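Reviewing the structure listed below.
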């Protein structure tokens, strides 16, 4: 591992893995890493719903 490429130390002195390291690793470890390229633990985009009784194609009219 190369400091500054694969990891860095934050203000608290903790080692933080970079996106480069995670991509080299190849899979998500599901630890909600700060630089997770797979987005694990990040808020999901909200899903727009259509109110009851309205056809989906009428929702934007």
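Structure above, values below:
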item	result
Residue among 16, 20 that alone is surrounded by 14 or more Cβ atoms within 10 Å (Cβ to Cβ), over 13 Å from the mean Cα position of the chain (by Cα) and outside any loop (DSSP other than H, G, I, E, B)	20
Contacts under 6 angstrom Cβ, first residue in the stretch 38-55 being modelled with pLDDT under 75, partner in a loop (DSSP other than H, G, I, E, B), 6 or more apart	50/59
Tabulated pairs, the stretch 2-19, first at negative phi, second part of a helix (DSSP H, G or I), C-beta under 7 angstrom, 6+ apart or interchain	5/20; 6/20; 6/21; 7/21
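The values are calculated or read from the model by the stated rules, or taken from the named source; none is laboratory data. It should be emphasised that the depicted structure is a prediction, and the values quoted were computed from it without experimental measurement. Note that each Cβ is placed from the backbone with ideal geometry, even for glycine, and that neighbours are counted across all protein chains shown.
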